[in-house]
Amino acid sequence: MDSPPPPDTPEIELTDVAFGGDTLGRIEGEVVFVPFGLPGERARIEIVSRKRDYASAQILEVLRPADERVTPPCPHFGECGGCQWQHATYTLQLAMKRQVVIDQLVRIGGFASAELLVRPAIGMVEPWEYRNHIRFSLGRNWGDLGYTYRNSHRLLRVDHCPIAHPSINAVLATIQRRCAGLRSHQIAVRVGANTGSLMISPALPMIPELESGQTHLEEEVLDRRFRVAAASFFQVNTKRELRDIPDSISARWAPNRSVPVSIADLLALLVLDRLDPQPDQTVVDAYSGVGTLTALIAPHVGTAIGIEESSAAVLDARANTADLANVRFELGKTEQVLPGLAEERVDAVVLDPARVGCAPPVIQALLDRQAPKVVYVSCDPATLARDCKALCAGGYQIQSVEPLDMFPQTYHIESVTTLTLR
């Protein structure tokens, strides 16, 4: 006769997906977060820690797997900290990402109608080999390259990453175990998926057959080329695929319904479509980076103003828009620069902040300004919900929220939210 399981290895029904990638369920009213489960599954778990409001657990056995559970292709899945959802079909991944955005808007933003506001997530055709920028950790003794174990700083050697662009995996194969003694603890490899441009930082003098130490690379979004410095941010998913343009993007921006486009292209198309820019308008692109959106908006408006705090990115942005006479860039934090534009007419503002979202002075400047339209590009649904709550309390309303899967196989999700004055 089988002995009963220990008291800290209960069974649980997993009902929802949480922001951060875990699934959750409840045991006698206690919320339990469980990584690597799927909604609808029943599992035996081991409680590994308890806080005041919740517990954390690990799966010992999946007793009733979901129909959407698949075998992860990566041998490191589960121990590597990079991916969280390789065990789910891609259709389910997109549905879970949409649900996470909805949940954050309801829980943090108080938007009871979020289910109606958030559109289906736009995904990739082939959600692998897309990531164009990887930072590899470097082992000091043997020069092993890889990532770190989940919830740890220990090095996990990786010889091939299925979400990395093939050019990055080729570089990894060349430099693996050949960089011992390098003073840097990381090696960054970036590729222009649409240009073939490569940037490896820092320089690797011990590998003379491989060019490294480049200061810039070039990449394209919507067929416009951009210079990107080593210190500058750029979207990590620029892999173009032959696919249908979503019906939510009007023919004004995408007259050819089936063309090779990347998720970065689709994000830019969504921003343009939701802005609906006009020739007499002034548009501010806050957190403008290397000027990607500024450059794409500028041909359709009277004036485009970019705001960016990174001096390296502003240098890139000015080079990237040298052919556009109606563009200027302001160097500084958005919370410091945006209030100073009070004397200028602003018809619309594009926000594209980092994961921390907008600082309170940015929200206040927008409320003081009362620009008729705000298009918010977010990579964090929690800070998006927080900022939208403040904007809507001050006179704006959400028209739509459109998730895009910039990061397949992970819980991360990009979105484009359109707000207008009531």
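For this structure, a couple of remarks:
- Of all residues in segment 227-271, those being under 18 Å from V416 (Cα atoms) and small (G, A, S) number 6.
- Only one entry of N141, N169, N151 meets the criterion of being at positive phi and not assigned by TED's automatic domain parsing to the domain that holds I263, and that entry is N151.
- Any chance E343 is over 23 Å from V416 (Cα atoms) and crowded, with 16+ Cβ neighbours inside 10 Å: no
To keep it simple, each residue is scored yes or no on (1) aromatic (F, W, Y); (2) surrounded by fewer than 15 Cβ atoms within 10 Å (Cβ to Cβ); (3) over 30 Å from S137 (Cβ atoms); (4) touching a strand residue (DSSP E or B) at 6+ places or on another chain (Cβ under 8 Å).
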| site | (1), (2), (3), (4) |
| --- | --- |
| E11 | no, no, yes, yes |
| E30 | no, yes, yes, yes |
| S49 | no, yes, no, yes |
| I59 | no, no, no, yes |
| V62 | no, no, yes, yes |
| E68 | no, no, yes, yes |
| C74 | no, no, no, yes |
| L105 | no, no, yes, yes |
| G110 | no, yes, yes, no |
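- Among the numbered conditions (1) more than 21 Å from F407 (Cβ to Cβ); (2) in contact (Cβ under 8 Å) with a residue 40 or more places away in the chain; (3) surrounded by fewer than 18 Cβ atoms within 10 Å (Cβ to Cβ), the only one that R227 does not meet is (3).
- Of the residues making up segment 133-173, just one is loosely packed, with under 13 Cβ neighbours inside 10 Å, farther than 19 Å from T410 by Cβ and among the polar types (S, T, N, Q), namely N141.
- Residue in segment 314-332 that is surrounded by fewer than 24 Cβ atoms within 10 Å (Cβ to Cβ), assigned by TED's automatic domain parsing to the domain that holds E344, within 24 Å of the chain's Cα centre (by Cα) and among the small types (G, A, S) present: yes
- Checked against the criterion of being outside any loop (DSSP other than H, G, I, E, B) and either in contact with an Asp or Glu (Cβ under 7 Å, 6 or more places away or on another chain) or within 29 Å of D22 (Cα to Cα) (or both), the candidates A354, A390 yield just one match: A390.
- Contacts under 8 angstrom Cβ, first residue in segment 182-203 being over 21 Å from T238 (Cβ atoms), partner of a type in the set (G, A, S) and surrounded by 14 or more Cβ atoms within 10 Å (Cβ to Cβ), 6 or more apart: L182/G143; H185/S137; Q186/S137; P202/S212; A203/S212
- Test: residue in segment 233-254 that is of a type in the set (K, R), part of a loop (DSSP other than H, G, I, E, B) and surrounded by 14 or more Cβ atoms within 10 Å (Cβ to Cβ): yes
- When each of T15, T9, T91 is tested for being part of a loop (DSSP other than H, G, I, E, B), in contact (Cβ under 8 Å) with a residue 12 or more places away in the chain, more than 26 Å from G357 (Cα to Cα) and among the polar types (S, T, N, Q), the lone residue that passes is T9.
- Residue satisfying all of: in segment 358-377; of a type in the set (G, A, S) and over 22 Å from L270 (Cα atoms); surrounded by the most Cβ atoms within 10 Å (Cβ to Cβ) among these: A365
- Residue tally, condition over 20 Å from the mean Cα position of the chain (by Cα) and not in a helix (DSSP H, G or I), over segment 282-299: 3
- Some residue of segment 328-347 being over 26 Å from S250 (Cα atoms), assigned to a helix (DSSP H, G or I) and of a type in the set (S, T, N, Q): yes
- G78 under 30 Å from L145 (Cα atoms) and surrounded by fewer than 20 Cβ atoms within 10 Å (Cβ to Cβ): yes
Residue by residue, here is whether (1) surrounded by 22 or more Cβ atoms within 10 Å (Cβ to Cβ); (2) touching a Pro at 6+ places or on another chain (Cβ under 6 Å); (3) of a type in the set (F, W, Y) holds:
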position	(1), (2), (3)
L384	yes, no, no
Q397	no, no, no
T410	no, no, no
I413	yes, yes, no
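- Conditions (1) among the hydrophobic types (A, V, I, L, M, F, W, C); (2) assigned to a helix (DSSP H, G or I); (3) within 20 Å of the chain's Cα centre (by Cα); number of the one not met by L366: (3)
The values are calculated or read from the model by the stated rules, or taken from the named source; none is laboratory data. Since this is a predicted model, take the numbers as computed values, not measurements. Virtual Cβ from ideal backbone geometry, glycine too; neighbours counted across all protein chains shown.
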